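The values are calculated or read from the model by the stated rules, or taken from the named source; none is laboratory data. Treat the numbers as computed from the prediction; the structure is a model and nothing was measured. Note: ideal-geometry Cβ built from the backbone for every residue, glycine included; neighbour counts use all protein chains shown.
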Amino acid sequence: MSTVETVFTAVASHEGEPIRTLYVKLKKERIIITSALQDQLRSNLPNLPGVTTSVEDIQFIDMGGQKPLPK
């Protein structure tokens, strides 16, 4: 059973430095709690020169009634 429901990728730059962000939404019904998965990710992320990594809990606000943007 997969733990991940969706992944959203954002790419930008700040003062010429590239910034890449992955937002991962976990399934509500999973066998691992969020903090345990975060700990696993933190311990398995490689240490790369010049690269800053972090694993954080981001709270999203669900407003409901979502619909596509008009064309």
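Listed by first and then second residue, the pairs linking a residue in segment 1-26 that is among the basic types (Lys, Arg) to a residue that is part of a strand (DSSP E or B) and surrounded by 10 or more Cβ atoms within 10 Å (Cβ to Cβ), with Cβ atoms under 7 Å apart and 6 or more places separating them unless they lie on different chains, are Lys25/Glu5.
If you go through segment 10-39 and keep only what is loosely packed, with under 10 Cβ neighbours inside 10 Å, under 14 Å from the mean Cα position of the chain (by Cα) and more than 15 Å from Asp57 (Cα to Cα), you end up with Ala10, Val11. Identify, by number, the condition in (1) part of a strand (DSSP E or B); (2) modelled with pLDDT under 90; (3) β-branched (Val, Ile, Thr) that Ile19 doesn't meet. Among (1) part of a strand (DSSP E or B); (2) modelled with pLDDT under 90; (3) β-branched (Val, Ile, Thr), the lone unmet condition for Ile19 is (2).
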